[in-house]
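Structure first, commentary second.
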Ligand code: ADP
């Protein structure tokens, strides 16, 4: 079992050590990169940009729990939405605001019952246990969590076959923050044990500009608002992507020895790294092209799209669709998915009349 990370309330953002040793081995470089990421993480609710409803919820719950002097009375949180939208960061902030520790795991790291038992026994009062991809927990681990979440006890079976008996072990009261991209794949007994279920929203350009400018300060290079907007437009509404693109632009700025003051500077940098104007990836474009070429632009059912792409229906629904819908490349009608004019324009494909007629039919239904 691997603990991905432990974050203590007193942890300071780690320093960028990259400058100190340019003969770093690849494995060490990976460690440095991982150390680097937390320094871009928001450390407090104040620094957590966007998600206004979530922030309000946390302010109220955490404030009230502190007043009551019972940190864990916030209840458990389930956060769902696309990767990179700030679920892990949120869990770490909850622990920092409470002055406790966050232990961060991915569900596959808790494959054995002894893994989750060990973790639960190691928690102090008020600690935050973050489980990413919580829908991937196996049945035994999940069932162990039920009594832990509800009654803060572990029901452990001791002995074999007829001699087996269940022993109850009390554990410290903790806060579980579960994250998933697939709310529908969570069993209802697990889902029902969360006090708060929150859908992570994509970020607006204005919110991403704030994140990009904060990141540029940490990375020590200057960027103007208009240049930051060019990064935001290509970030798929996702802070993790905004940060990745900001690093690319920083590399360009340092290589060219310029501050990124004009939008043209950011555009040159992003074009150099072949970043799509709307942040679409090849898989997104393939999905849109499939609907256009194989189904005359739609409407077409999600099963048919998935079969043509050779992907699982769930993957199309959870990973590709949300951003394409949000960005206006795809619409959902009662008769299935349709690509929009924006998609034709972006892919430089001419729309024929048949497709237009189908578009009207689909939208009218
Ligand atoms: P998830 O757990 O949803 O995959 P993370 O919490 O790991 O996403 O976020 C990825 C990165 O994006 C973080 O390290 C942080 O730098 C940035 N980030 C995410 N959400 C925010 C936010 N609300 N404000 C500022 N930065 C954010």
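Each reported figure results from applying straightforward, stated rules to the coordinates on display, with no laboratory input. A quick note: this is a predicted structure, and the numbers were derived from the prediction, not measured. Cβ: placed from backbone, ideal geometry, glycine included. Neighbour counts: every protein chain shown.
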Using Cα atoms only, what is the angle between the long axis of helix 282-295 and the major principal axis of the chain, expressed in degrees (0 to 90) to the nearest 10? 60
In degrees from 0 to 90, rounded to the nearest 10, what is the angle of the helix 26-40 Cα long axis to the longest principal axis of the chain? 90
Report the extension gain between residue 164 and residue 139 in nm, rounded to one decimal, defined as 0.36 nm multiplied by the number of residues separating them, less their alpha carbon distance. 7.1 nm
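Residue 68 to residue 185: FRET efficiency via 1/(1 + (r/R0)^6), r the Cβ-Cβ distance, R0 22 Å, to the nearest 0.05? Mind showing how you got there, number by number?
Values: r = 34 Å, r/R0 = 1.55.
Using R0 = 22 Å, I get an efficiency of 0.05.
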Could you give the nm distance between label points at residue 206 and residue 151, where each point is 7 Å from its Cα heading toward the beta carbon? 5.0
Using only Cα atoms and rounding to the nearest 10 degrees, what angle (0 to 90) does helix 263-272 make with the longest principal axis of the chain? 80
Spin-label pair residue 258/residue 196, simplified geometry with 7 Å Cα→Cβ offset, distance in nm: 4.4
